Amino acid sequence: MKADALKVLFLAAEAEPFVKVGGLADVAGSLPLALRNLSSKDNSDRKLDVRLVLPLHRVMATESATMRQVAEFTVYRLGRNLPARVFETSLAGMPVYFISGEPISSATSIYSQDPAQDREKFTFFSLAALEMIRNMTWKPDIIHANDWHTALALYALRSRLSDPMNGGTRCMLTLHNLPYLGGDGTDELAAYGLIPPIDEALPEWARTQPLPLGLWSADEVVAVSPTYAHEILTPEFGCGLEEFLDNRSASISGILNGLDLAAWDPETDKCLSGNFSAANLTGRSTNKAALQKQLRLRVDPSIPMLAMIGRIDRQKGVDIIPEVLHQINELPWQFVVLGSGDPDLENTLRALELEYPERIRSVIRFDAQLGHSIYGGADMLLMPSRYEPCGLAQMIAMRYGCVPVVHATGGLKDTVEEGKTGFLFEAAEAATMQEAIRRALSTYTSPGKWGKFQRNGMAKDFSWSRSAAQYAALYQSLILP
């Protein structure tokens, strides 16, 4: 007889299709469903009953969801009991809970420019999620938090020794981006009755910050790539927590995020001028010509097109692009960048287009359709990120036959294979990056070799089912006696 389902409550600040600001929404909207869909063979004969809980943000796409109220309770704050309500809907058969309350409803955006307002909002949400469990007959075996926004749910559970859930419920925290610690939450902790830990293993400055408290509380910490799981143990990437993390490295692992393969499929993508597959790449030439025409660049299949897609930010290495392109000026290429972010870097890219009006296009905005067109038509994707916990752009690029040229860090190092699916450089510097681009441009002149790179990349398995199987194994290990 099969064992009872293993119950997991998945906490996140955002999730597709309800609300999306960044990559966390892709993870929280896909991973719980992939976990529920694992076959019993994949899950050692134990099914996973995974449920998602989100804040009921004022700006959410819930119009099409049929929601019903399932709980009402209060959360203690500074001598007051703040009302909270829980609403339930479903996503592909998975229960999804939304928590409402004044600290959430008073915020006009998902994330604000006021760190204290965000800490207040997510502290309330984290504690309300625990209170929700107490008001339900369904009790999770594991609470799975994500980043600093939900980390205090784990700390609140672990620090309240008299809590009945403290002994039997295990805690997991997925770390998507370590530098975002949540800030000094001294006031919020005091307001909600949480006392900072007295543990010399955790630096004193970190004992009032949400993410370090979640890291201290979690039974298992999962970074979003194996290499990033090692990088956070070093001074360069550890944000001052490297010694603490290194001391508990036995309970830190890395699991790559996956892709929504239905949303990113070159054989069915309606944004493309021509669909294609690894077996028949001819549609890519149609896409490239259409992209060159759309961008008012010379339509010429022999000119390699380089691209960048994403946040315009120093962390993404955007600042070294001008020097790199200057250094390869004598070679044939075109370049398009799509994204927005740092105003100074945006202006630098606009100036670069003016400097090379026949070769460069800087599209400073968010444009999902153009992004699909670039993946389907550009020849190479440049990612000189100084650090990249996982990265999705390089996975999408490979799925679309766009060969990545990336800095060998984090998830980029784990997904791109030098000389097989792409080109890597060891330092986020112009000199090393331009050398890698030169290798790529040289390979591009040999259609047979280039086609092999494309097909190798398109054959990679970046499905969520692969990632979910690894998470399921970790869940099982947490509850074994």
Subject >> Label-point gap, in nm, between R160 and R350 - each point 7 angstrom along Cα→Cβ >> reply: 5.1
Original post:
Picking from I374, T108, W216, whose Cα lies most toward the positive end of the charge dipole for the chain (charges on Cβ: Lys, Arg +1; Asp, Glu -1)?
Top reply: I374
**OP:** Take C171, C271, C402, C390 and order them by how many other Cβ atoms sit within 10 Å, fewest up front.
**Re:** C271, C171, C390, C402
**OP:** Please arrange H57, H149 by counting, for each residue, the other beta carbons lying within 10 Å of its beta carbon, fewest first.
**Re:** H57, H149
Original post:
What's the Cα-based Rg to Rh of segment 260-371, Rh via Kirkwood?
Top reply: 0.98
Original post:
A427 to Y76: FRET efficiency via 1/(1 + (r/R0)^6), r the Cβ-Cβ distance, R0 51 Å, to the nearest 0.05?
Top reply: 0.50
**OP:** Do me a favour and compute the ellipsoid semi-axes for segment 417-481 from its Cα gyration tensor, root of five times each eigenvalue, largest one first, whole Å.
**Re:** 36, 17, 6
Original post:
Out of the DSSP beta bridges found with both residues in the chain, what percent are antiparallel (nearest 5)?
Top reply: 30
**OP:** Determine by what factor the alpha-carbon radius of gyration of segment 127-216 differs from 2.2 N^0.38 Å, reporting the quotient.
**Re:** 1.05
**OP:** Just the ratio, please: alpha-carbon radius of gyration of segment 282-461 over 2.2 N^0.38 Å, N its number of residues.
**Re:** 0.92
**OP:** Per residue, how big is the convex hull around the C-alpha atoms of segment 355-403? Give it to me in cubic angstrom, could you?
**Re:** 112
**OP:** Compute the relative contact order of segment 282-461 as a whole-number percentage, counting only Cα pairs closer than 8 Å that sit 6 or more residues apart in sequence.
**Re:** 21
**OP:** Post the alpha-carbon centroid distance, segment 191-255 to segment 363-394, in whole angstrom.
**Re:** 30
Original post:
Hey, which aspartates and glutamates would be in cross-link range of K420, C-alpha to C-alpha under 19 Å, not counting anything within fewer than 8 residues on its own chain?
Top reply: D379, E435, D461
Original post:
Using the Cβ atoms and a cut-off under 13 Å, what net charge is assigned to the surroundings of H149, where Lys and Arg are +1 and Asp and Glu are -1?
Top reply: -3
Subject >> q = 0.11 Å⁻¹, the chain: log10 I(q)/I(0) [Debye, one scatterer per Cα] >> reply: -0.93
**OP:** Return T227, T89, T415 ranked ascending by Cβ neighbour count within 10 Å, so the fewest neighbours appear first.
**Re:** T89, T227, T415
**OP:** Take the alpha-carbon centre of segment 71-108, take the same for segment 410-446, and report the distance between them in whole Å.
**Re:** 47
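Computed from the coordinates by the stated procedures, all read-outs in this text should not be read as laboratory data. Bear in mind that the values here come from a model prediction, so they are computed numbers and not experimental data. Reconstructed Cβ throughout: ideal geometry from the backbone, glycine too, with neighbour counts over all protein chains shown.
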